[in-house]
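Since the structure comes first, as structure tokens, the remarks are kept for the end.
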Amino acid sequence: MFAALSRVPPRLDRVQLARMAHLWLVMLLVLVSLAALATGASGTSLWSALAKLAQGQALTRTEAVVLWDIRVPRLLMGILVGAALAMSGAVMQGLFRNPLADPGLVGVSAGAGLGAIIAIVLGGLLPASVALFFGTYLLPVAAFLGGWGSTLVLYRVATRGGRTSVATMLLAGIALAALAGAASGLLVYAADDNQLRDLTFWGLGSLAGASWFKVMVAAPLILIACGMALTLGAGLNGLALGEATAHHIGIPVQRLKNTAILTVAAATGAAVAVSGGIGFIGIVVPHLLRLWTGPDHRGLLLNSALLGAILLLLADIISRVIVAPAELPIGIVTATLGAPVFLWILLRRRGLMDL
């Protein structure tokens, strides 16, 4: 479908095409959301529950728990995480002017991973009052703090004299990821068998731990970050011409960089904290949309959020169905589906990119 749509005649207005894509993606998101609510190991049927509600009948306790306490929070978390990862990828690619850029470049993923590993391996050493206060939410809180901490360190390293160097940020991000990886390796080496199992499943990513509390914690950060990202479209379009040109046409380049970095840190940090490591959404989604609607960030950012949510919900449905009644980690599904698509994009466009 995307290959065919990428051959749209040049005379077609790309702005109109992006708006049409908004409508199509919203309708597709509604359909996929209904499919996600109807999918699960439980025998509870969404359609029978809706029929009961339409007739004024009360749901059984099992139906209410499965639909309201399990499937609905999982659906909302999938939409939030998919939108956050995809929009962050679009922002990073525009900021770095590189189609291979990914939210992991700003050090969020590495820092969040280190925070999660610290919580899993060293959480038992915390005072009982602290462990009781955080309870089962110690892991996402630690992951979020780790992502934000790494981003702040990276920002301080890359900023000098009030100006942030994108090249320095990229190199420092690589070094910071390596340092976080080394620290994570030491903790993994010291972990016991149960902790290693928790580390493995968290690293592969999953929406299985979705709850209303996690949704309430992640939603404000992700929604605010996505709202801020939507204001960056015109600036990222100007930045594609180069920083000097963007400055001369009136774009506040430094403020744009600051906002983009903090936006990606907030959105990706919150997403990784509640879902673990989920790859390829941030790289593949903006690519597919550029083939479809063009590179204009004014439409690309919103469409990235919508398509990211759709693809993550589809991956979640597959993860629940393919080995039912067990559940496959969603990171395996996104990697299995995303890697071939990404390779196809590279092969298709390698003559247009200087890699």
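The values are calculated or read from the model by the stated rules, or taken from the named source; none is laboratory data. The model shown is predicted, which means the values in this text are computed figures rather than measured ones. Ideal geometry is used to build each Cβ from the backbone, glycine not excepted, and the neighbour counts take in all protein chains shown.
Things worth noting here:
- Selection within segment 180-195 - without any contact (Cβ under 8 Å) to a residue 24 or more places away in the chain and either part of a helix (DSSP H, G or I) or at positive phi (or both): Ala182, Gly185, Leu186, Tyr189, Asp193, Asn194
- Flag if Phe342 is within 29 Å of Leu17 (Cβ to Cβ), within 12 Å of the chain's Cα centre (by Cα) and not small (Gly, Ala, Ser): no
- Test for Arg71: is it of a type in the set (D, E, K, R), more than 24 Å from the chain's Cα centre (by Cα) and either at pLDDT 75 or above or under 16 Å from Val272 (Cα atoms) (or both): no
- Tyr155 vs. criteria touching a residue at least 24 places away in the same chain (Cβ under 8 Å), hydroxyl-bearing (Ser, Thr, Tyr), within 15 Å of Gly276 (Cα to Cα) and not in a strand (DSSP E or B): no
- Segment 223-246 residues that are under 20 Å from Ala84 (Cα atoms), paired with ones that are surrounded by fewer than 14 Cβ atoms within 10 Å (Cβ to Cβ) (beta carbon under 8 Å, 6 or more apart): Gly235/Pro252
- Count of segment 317-337 residues which are closer than 14 Å to Gly277 by Cα, in contact with a helix residue (DSSP H, G or I) (Cβ under 8 Å, 6 or more places away or on another chain) and in a helix (DSSP H, G or I): 5
- One residue stands out in segment 302-319 among those that are of a type in the set (Val, Ile, Thr) and in contact (Cβ under 8 Å) with a residue 60 or more places away in the chain: the one that is surrounded by the fewest Cβ atoms within 10 Å (Cβ to Cβ), namely Ile317.
- Hey, Ile261 among the β-branched types (Val, Ile, Thr) and under 27 Å from Leu23 (Cβ atoms) or not: no
- Within segment 130-142, the set of residues being of a type outside the set (A, V, I, L, M, F, W, C) and at pLDDT 75 or above comprises just one member, Pro140.
- Residues of segment 209-222 satisfying the condition of being surrounded by fewer than 16 Cβ atoms within 10 Å (Cβ to Cβ) and either outside any helix (DSSP H, G or I) or in contact with a helix residue (DSSP H, G or I) (Cβ under 8 Å, 6 or more places away or on another chain) (or both): Trp212, Phe213
- Failed item, numbered, when Thr259 is tested on (1) crowded, with 24+ Cβ neighbours inside 10 Å; (2) of a type in the set (Val, Ile, Thr); (3) farther than 24 Å from Pro73 by Cβ: (1)
- Of the residues contained in segment 116-138, one or more are found to be of a type outside the set (D, E, K, R), in contact with an Asp or Glu (Cβ under 7 Å, 6 or more places away or on another chain) and closer than 20 Å to Phe213 by Cβ.
- Condition check for Trp24: part of a helix (DSSP H, G or I), within 29 Å of the chain's Cα centre (by Cα), within 20 Å of Ala218 (Cα to Cα) and free of Cβ contacts under 8 Å to residues at least 60 places away in the same chain: no
- Selection status of Ala273, under 22 Å from Ser109 (Cα atoms), of a type in the set (A, V, I, L, M), surrounded by fewer than 23 Cβ atoms within 10 Å (Cβ to Cβ) and at pLDDT below 85: no
- Some residue of segment 264-279 being hydroxyl-bearing (Ser, Thr, Tyr), over 21 Å from Ala116 (Cα atoms) and part of a helix (DSSP H, G or I): no
- Helices (runs of 4 or more DSSP H) fully within segment 43-151 that include at least 1 residues being buried (at least 23 other Cβ atoms within 10 Å of the Cβ): 72-96, 108-122.
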